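Structure first, commentary second.
The values are calculated or read from the model by the stated rules, or taken from the named source; none is laboratory data. What you see is a predicted model; the values in this text were computed from it and never measured. In this analysis, Cβ positions are derived from the backbone assuming ideal geometry, glycine residues included, and neighbour counts consider all displayed protein chains.
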Amino acid sequence: MIIPLLPDDCIHEIFQYLQNDRTTLYQCLFVNKFWCGYVVPLLWKQPFSNFRCWEFIIRTYLDCLQPQELLNLKPFNLSIPNSSLPPLFQYERYLESFSNSDMEIGIISWLRTNEVVSFNNNNNSNNKMVSLNDERIRPIMRSLWQMFLSRSKNLRHLTINTGFGTSDLPEISLFQEIESSSSSYPRLSKLKSLDCCIGHKSHEIQNYKNTMNFLQNWGMICKSLKRIWVSVYEENIAAQDLISNIIESQKYLSEFKFTGAGNITENVITSLKYNSQFLITLKFWMLRLDGVSFEGLSSLKTLESLDIQWCEGITIKQCKFLSEAKFKLKSLSLWENTLSPEITSILIEKAGDTLLDLKFDIITMETIESASKYCPNIINLCTITKKESYDYLFPWIKKLKLKKLDFYSSGIDLSEGIRLLGENISPTLTYLNFDYISCTPESFEYFLKLCKAPLTTLVIVFSKEFIDNCLERIKDFVVERKSMRNLVFVCTPILWLKWSKRELEIIKIMEKYGLKVVKSISPPLTTLVIVFSKEFIDNCLERIKDFVVERKSMRNLVFVCTPILWLKWSKRELEIIKIMEKYGLKVVKSISRKF
C-alpha cells in the first residue's frame, strides 16, 4: 500500500511546531530537497543560539559575502578559503534575531579555529592567541553587519551590548547608507524587539561612541518596537536618558523590562506614559527605586503584568499611585525585594479579582489575608514556604482552584510542609514544581499517598539524595494514578548526574505508562554570580572551568564576598582562570556593596 503524502500546509505546520527542536530539524535536513527547503530557514532564524557551532556559522556567513564585500577584508590577510561553488542557500536572508556580542564571539571562535588550521597546514601562521582586541575582528563585523542590513529582510530582534570586552558598532553612516539604498526593505525599521545592555563604565565611553550614537538616533531608525529589555550596570544618567528617548519614540510598545545595579531615573518612568494605551508588561529587576515617583505609572491603562524582583526602596507612597491606577493586573510578581508586608498587601489588593498569576515571597498573615480576600481567582501560584507560615499558607492554598504551583524552599527541612501540602493540595492542580525542596522520604511518600490532584507534570530541582530516596515512590504514584505525562529533573551542569542501572529500570517502567522522563539542564548560562565561601572555591572552580570549556556560552563569572572573606587567588586558581579567559570569559571578584 502506498502511504499518501501529507499536504504542503500540514508539513509546514509540523515544522513550525518543531522549530525549537534543533536536533530533530537537523535530522530532517537529509530527507529530501522539499523538507530541506523548509528546515534551513528555521535553523538560520537564530543561528547563534547553538553555542557549539559559532565558528561554523561565521564561516558560512563569510561564504555568503559578495566579491566586493570580501575585498574590504583583503588588507587583513584573512585565510578565507575560496569555494568553487556558492552556498546552497542565501542563509543571511533567513536571519530574524541578531546580537552584536554573539557575532563577535563567533568571529573570535572562527579566527582561533582558522589560526590552528593554518598552523597545522604550515601556512606560515604565527598561531598567536586571538584576543578581544584583535584588529581583524572589527572589519569582519562591519562586513557582516553590511550584509545583514542589505539582505536580511526578516530581521525582527536586535541585541546591542556594550562593556564586558565587546567591540563598538560600525559607524552610524553604514546604517544610514544601507537604509537609504534599500527603501523597498528598510531593515531596521521592521524590528519588533530590542535588547540593550549598557555595561561599559564611565571611563570607557570613548570605546563605544558609535554604539551610543546609534542608540541616540534610534527614533529615526525604528518606531515599531513592541518589546524593549534594557540593562544598565552602572549609575549612568546619560544612558537612562537615552533609553527614555527610545521609549518615547515608539508607537506600540507592549513590554518593557529594566534591569540595573543602581537607581532608575524619573525620566524612564515618565517616558512610559507615551505608550499608556499599549503597555501590557512591565518589569523592574535589581533596581533602587527610592526617591522615584510612580505617578507616571498611574497613567498606564492596559497594564496586565507587573514584575518587581530584587529591588530596594519601594515606599507606601509609591504604591498608592499604583493603587489609584486604572489598569487591571492578571499577573503580579514580587520576589526578593525589600518590601514590608504592608506594601506587599497594598500591591496584592490593587491586583484584585482579575489576578490569575501570583509570585510572592513575603508570606505573613497580613499578605495571605489580602490575597484571600481580594484575589480569589488565582490559578498559578509561585511561593516560598517557612515553618512559621504553615498555619495560614496551606488553608489558603486549599481554597484556591490552582492549575500550577511552584513551591520554593527557604533552605530548611520541609518534611512537615510537604505533608501539609498533601493534605491541602488543590484538586485541580496539574503542574507542580518542587524547587530545592529538602524533606524525608517518608514525608514525600505521605504527600504522594494523599495527593488527589490530577498531576500531569512534576518538576523537581533535585539533589542526588532526593533521587536515591524518592524515585521508587514516584514510580508507584505514576503506575497508580496514570495521569502523569511529564517528570522533569532540573539541575545545574555541575550537578549533572548519570542515571544508575536501577534508576534506568524504574524509568522504563514509568515510560510504559505514557510518562516522559526528562533530566534537564537550566538554559545556557552566560553569567554566573556566586556569593561564595572559600570552601566553594576549593571544591567547584575546577568544575566550573570544565563547564566553560565545554559549553562556550559563559561570558561573566562573578564571585561576590564581604571584605572579611576577600581572598587572594591561589596559583592553581589563577591557572584555571587563565584557561577560562581564553574562552571569552571575564572573571570578576566583587565586594558586596551592602557590607
Practice prompt. Take segment 240-253 and flag every residue that is buried (at least 19 other Cβ atoms within 10 Å of the Cβ) and not in a helix (DSSP H, G or I).
Written response: Gln250, Leu253
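Residues are listed down the side, and each one gets a yes or a no for (1) closer than 30 Å to Leu541 by Cβ; (2) at pLDDT 95 or above:
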| site | (1), (2) |
| --- | --- |
| Leu432 | no, yes |
| Val461 | yes, no |
| Phe466 | yes, no |
| Glu472 | no, no |
| Val490 | yes, no |
| Tyr513 | no, no |
| Lys519 | yes, no |
| Leu525 | yes, no |
Practice prompt. Kindly indicate the residue of segment 46-58 that is surrounded by fewer than 17 Cβ atoms within 10 Å (Cβ to Cβ) and in a helix (DSSP H, G or I) and also modelled with the lowest pLDDT among those meeting that condition.
Written response: Ser49
Item to complete: Answer yes if at least one residue in segment 377-387 is in a helix (DSSP H, G or I) and modelled with pLDDT under 95, and no otherwise.
Response: yes
Worksheet item: Would you call Leu43 under 24 Å from the mean Cα position of the chain (by Cα), surrounded by 11 or more Cβ atoms within 10 Å (Cβ to Cβ), modelled with pLDDT of 90 or more and over 19 Å from Gln146 (Cα atoms)?
Response: yes
Worksheet item: Between a first residue in segment 444-460 that is under 20 Å from Val490 (Cα atoms) and in the same structural domain as Val488 (by TED's automatic domain parsing) and a second residue that is in a loop (DSSP other than H, G, I, E, B) and small (Gly, Ala, Ser), which pairs have beta carbons less than 9 Å apart while being 6 or more apart in sequence or on different chains?
Response: Leu455/Ser483; Thr456/Ser483
Practice prompt. Being within 30 Å of the chain's Cα centre (by Cα) and either of a type outside the set (D, E, K, R) or buried (at least 21 other Cβ atoms within 10 Å of the Cβ) (or both) is the filter here, so list the residues in segment 382-399 that pass it.
Written response: Cys382, Thr383, Ile384, Thr385, Ile397
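Going through Ser345, Ser372 one at a time, which residue ends up being touching an Asp or Glu at 6+ places or on another chain (Cβ under 6 Å), part of a helix (DSSP H, G or I), among the small types (Gly, Ala, Ser) and modelled with pLDDT of 95 or more? Reasoning before the result, please.
Details: Ser372 fails: touching an Asp or Glu at 6+ places or on another chain (Cβ under 6 Å).
Within the list Ser345, Ser372, the selection yields Ser345.
Taking the condition surrounded by fewer than 20 Cβ atoms within 10 Å (Cβ to Cβ) and either over 26 Å from the mean Cα position of the chain (by Cα) or part of a loop (DSSP other than H, G, I, E, B) (or both), does Asn267 pass? So that I can check it myself, show each step before the final result.
Working: surrounded by fewer than 20 Cβ atoms within 10 Å (Cβ to Cβ): yes; either over 26 Å from the mean Cα position of the chain (by Cα) or part of a loop (DSSP other than H, G, I, E, B) (or both): yes.
Spelling it out, Asn267 is indeed surrounded by fewer than 20 Cβ atoms within 10 Å (Cβ to Cβ) and either over 26 Å from the mean Cα position of the chain (by Cα) or part of a loop (DSSP other than H, G, I, E, B) (or both).
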Worksheet item: Can you tell me which residues in segment 19-40 are over 26 Å from Arg151 (Cβ atoms) and assigned to a loop (DSSP other than H, G, I, E, B)?
Response: Asp21, Phe30, Val31, Asn32
Response to the item:
A careful count of residues in segment 424-468 that are farther than 19 Å from Lys516 by Cβ and assigned to a strand (DSSP E or B) gives 2
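Take Ser244 and tell me if it is within 21 Å of Phe278 (Cβ to Cβ), touching a residue at least 24 places away in the same chain (Cβ under 8 Å) and polar (S, T, N, Q). So that I can check it myself, show each step before the final result.
Details: within 21 Å of Phe278 (Cβ to Cβ): yes; touching a residue at least 24 places away in the same chain (Cβ under 8 Å): yes; polar (S, T, N, Q): yes.
Answer is yes for this residue.
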Fill in: Check on Thr428, within 27 Å of Phe466 (Cα to Cα), touching a Lys or Arg at 6+ places or on another chain (Cβ under 6 Å), in contact (Cβ under 8 Å) with a residue 24 or more places away in the chain and surrounded by fewer than 15 Cβ atoms within 10 Å (Cβ to Cβ)
yes
